[in-house]
Each structure stands twice: as structure tokens, then as C-alpha cells.
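Notes to accompany the following structure.
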Ligand SMILES: [Zn+2]
């Protein structure tokens, strides 16, 4: 099962315990799913304050 970072909401593969952003605050309890392809041109990315392309959770508990 995939996990999500509490700091940047990035989706992380289950075998990893540290996010790309350097955080180890990772949760299995997340919901919603968004793929950001163009972080600079995406309204969703702006709303979520995402600056990098990737897969993100909408809510991380
Ligand atoms: Zn992160």
C-alpha cells in the first residue's frame, strides 16, 4: 500500500520511509489522488501549493 508525506503530500512507494522532500513524517491514512503534470501551469497545483510534478494525496491525516 502506498503512503503519503504529511509535509508535501507526495505519494510514496510503500517500501520507502523518507520522502523526496526529506521528511519522514509519512502516513498510510490519506485520501484523494491527484497527478500534477505541469506544476507551473496547473490551477490545482497552485491551490495545493505544489511546485513539482508528481503524484499527490489531497488529504493526509
Ligand atoms: Zn514530502
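Every read-out reported here was derived from the displayed coordinates using simple, explicitly stated rules and does not represent laboratory data. Just so it is clear, the structure is predicted and the values come from calculations on it, not from any experiment. Cβ atoms come from the backbone with ideal geometry, glycine included; neighbour counts cover every protein chain shown.
Under the condition of being at negative phi and exposed (fewer than 12 other Cβ atoms within 10 Å of the Cβ), which residue from segment 13-23 is farthest from the chain's Cα centre (by Cα)? Spell out how you get there, then give the answer.
So the first thing to find is which residues in segment 13-23 are at negative phi, and the list is 13-21, 23.
Subset that is exposed (fewer than 12 other Cβ atoms within 10 Å of the Cβ): 13-15, 17.
Working: 13: 11, 14: 13, 15: 16, 17: 14 Å.
Filtering first and then ranking leaves 15.
Confirm whether residue 39 is over 11 Å from the mean Cα position of the chain (by Cα) and surrounded by 14 or more Cβ atoms within 10 Å (Cβ to Cβ). Here the answer is yes, as residue 39 does meet what is asked.
Scoring residue 56 on the criteria (1) surrounded by 11 or more Cβ atoms within 10 Å (Cβ to Cβ); (2) more than 9 Å from the chain's Cα centre (by Cα) leaves a single failure, condition (2).
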